[in-house]
Amino acid sequence: MQLPQTPTFQLDGKRALITGATSGIGLGAATALARAGAHVTCVARRQGPLDALGAAMAGENLAFAPLALDITDIEATRAALAAAQAFDIVVNSAGMARHGPALDTDPADFDAVMSVNLRAAYFLSTAAAGRMIETGLRGSIIHVSSQMGHVGGVDRGVYCASKHALEGMVKSMAIEWGPKGVRINTLCPTFIRTPLGEQTLADPARRAWIEDKIKLGRVGEIEDVMGAVVYLASEASALVTGTALMVDGGWTAD
């Protein structure tokens, strides 16, 4: 009997682009991919945090390049990807949330959230996939979505709208690009302990609601999503596209 080969989670020789890479889940994704062997190009709007990240990456001898870019600038994003060697892996962790009652939603807040969470995600995907297809790469695009792309939440009408739309976008792109060898998926965390997440966790009523919904009884840590990112980026997930990987502690199991 010949035993099957275990697919590799290693990313040696791969090139990865990570947006929102200097904090929170994006920082976790960049670190995990670099430690798995990928050369990571890390995107953020401000150079200072990129410099700090570069120093930390250098401390572990990880392959790193900074890219100061606002991904809501569609033309600048297209130009940056057109000028670069095609990326094997793209992780879009840039995101925005402006929570509040739906009845109080300001159109400017709605537009700001949609600009980052949906519009920028859409055109980053098309730019990245276009380069993959042009060069014959069998690449992987990963969007950091949310459990809120599958359920509703208190004071989260705009945020949920953006993430539900992102989930539909990814399914459609997976159908279109699958025959061309490009995979695209979402990673859907629950509440993760990040600087942004701490704002919600600091409210005792909101924290009680969160802990009641998470079946494993705790909020997430950045480390909880790092393995999932490597899985979706690697050959271990070679038959996975158009789907959502839930890292939600059982929130959506109801």
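A short reminder: the numbers here are calculations on the coordinates, not readings from a lab. The shown structure was predicted, so the numbers you read here are calculated from the model rather than taken from an experiment. Cβ coordinates were reconstructed from backbone atoms using ideal geometry, including for glycine residues, and neighbour counts include every protein chain displayed.
The table that follows gives values for the structure above.
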| read-out | value |
| --- | --- |
| Calculated FRET efficiency for the pair Asp109/Arg207, C-beta based, R₀ 22 Å, to 0.05 | 0.40 |
| Dipole axis of the chain (+1 Lys, Arg; -1 Asp, Glu on Cβ), positive-most option in Ala97, Ala253, Ala233 | Ala233 |
| Debye, to nearest 20: dipole size of the range 15-247, +1 on Lys, Arg Cβ, -1 on Asp, Glu Cβ | 440 |
| The range 17-140 - percent relative contact order, Cα under 8 Å, separation 6 or more | 26 |
| Other-chain or far-sequence residues with amide H under 5 Å of Ile184's (modelled H) | Ile141, Gly242 |
| Asp155, Asp212, Asp73 arranged by Cβ crowding within 10 Å, fewest neighbours leading | Asp212, Asp73, Asp155 |
| Rounded tilt (10° steps) of 204-213 against the dominant C-alpha axis of the chain | 60 |
| Loop GluC sites (Glu not before Pro), the range 40-138 (other Cβ atoms within 10 Å of the site Cβ: 11 or fewer; DSSP) | Glu60 |
| 17 Å reach of a label modelled at Glu176, 7 Å along Cα-to-Cβ, counting backbone N of the range 70-95 | 74-75, 78 |
| Selected from Leu27, Leu11, Leu216 as most flexible by GNM, with the chain as the system and alpha-carbon contacts under 10 Å | Leu216 |
| Over the chain: helical MRE at 222 nm, DSSP H runs n ≥ 4 each giving -39500 (n - 2.57), nearest 500 | -12500 deg cm²/dmol |
| Angle in degrees between helix 121-135 and the longest Cα principal axis of the chain, rounded to the nearest 10 | 10 |
| Helix 74-83 axis, angle to the chain major axis (alpha carbon atoms, nearest 10°) | 20 |
| Value of relative contact order over the chain, rounded to a whole percent, pairs C-alpha under 8 Å and six or more apart | 20 |
| Neighbour-limited loop hits for trypsin sites (Lys or Arg not before Pro), the range 72-149 (at most 14 other Cβ within 10 Å; DSSP other than H, G, I, E, B) | Arg138 |
| 5 angstrom amide H check on Leu17, placed H, neighbours 5+ away | Thr41, Ile89, Val90, Val91 |
